[in-house]
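Beneath this line is the structure, given in structure tokens, with notes to follow.
Derivation of every value follows stated rules applied to the coordinates shown; laboratory data play no part. The structure displayed is predicted, hence computed values, not measured ones. No Cβ is skipped: glycine too gets one built from the backbone with ideal geometry, and neighbour counts run over all protein chains shown.
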Amino acid sequence: MTKKNSLFQMLCKKYRPLLLLFTLTTACSPALIVHEDFNPTANFGRYRTYNWLSTDIAGLDYQLDNRELINRSVRAAIQSELLKRGMDTDTDSPDILVAYYVAVGGEQRMDSDNASTMAYGFTGIPNFKDTYSEGTLIIDLVEASTNELVWRGWAEGEVNLDNLQEAQITRAVIKVLAQYPPGTPGR
């Protein structure tokens, strides 16, 4: 065994608990999976204005005190992202209509077993229980003149309803609209 390998093994033994904790922490962080679908014949370069399609937040089958806050956060984030892409609001003659849907359901529960070990002075991982729901955010862009759906982006991931924050909503909108317009270099 070389000196370099033995030093590496010694460091791995010494910092094994921290590596384990880091791995578990990053593995348990909520993942956001993003998708898109679009009409390949649509001319996305000509869309410069938008207006809101009237929608309601769908799939909220639980009592949510901050429903209006979620609605406001989603709208503000979409508006900000579309503005970054050079699009302005036009209530009279928009190029596209924007609709969005937020659905939450399928409550999941994650429990840890106390994976206790006394090796290397590490006393284990404390038990924890976490309840989360599967959430979906869908953003649709509809060509106003034809009423045809030209682009859809959506994100799916874990939602902790007890601690839902505007930053999480904004992050989801940014990730979805990072795909728009399709074929944008550097995405």
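Quick rundown of the values:
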quantity	calculated
Where labels lie 7 Å past Cα in the beta-carbon direction, separation of ALA31 and GLU166 in nm	3.0
Neighbourhood net charge (9 Å Cβ-Cβ; Lys/Arg +1, Asp/Glu -1) for GLY135	-3
Under 5 Å, built H, 5+ apart or other chain: amide partners of TRP52	VAL98
Phi-based couplings in Hz for the stretch 76-86 (Karplus 6.51, -1.76, 1.60; Gly and Pro marked x)	4, 5, 4, 4, 4, 5, 5, 4, 4, 9, x
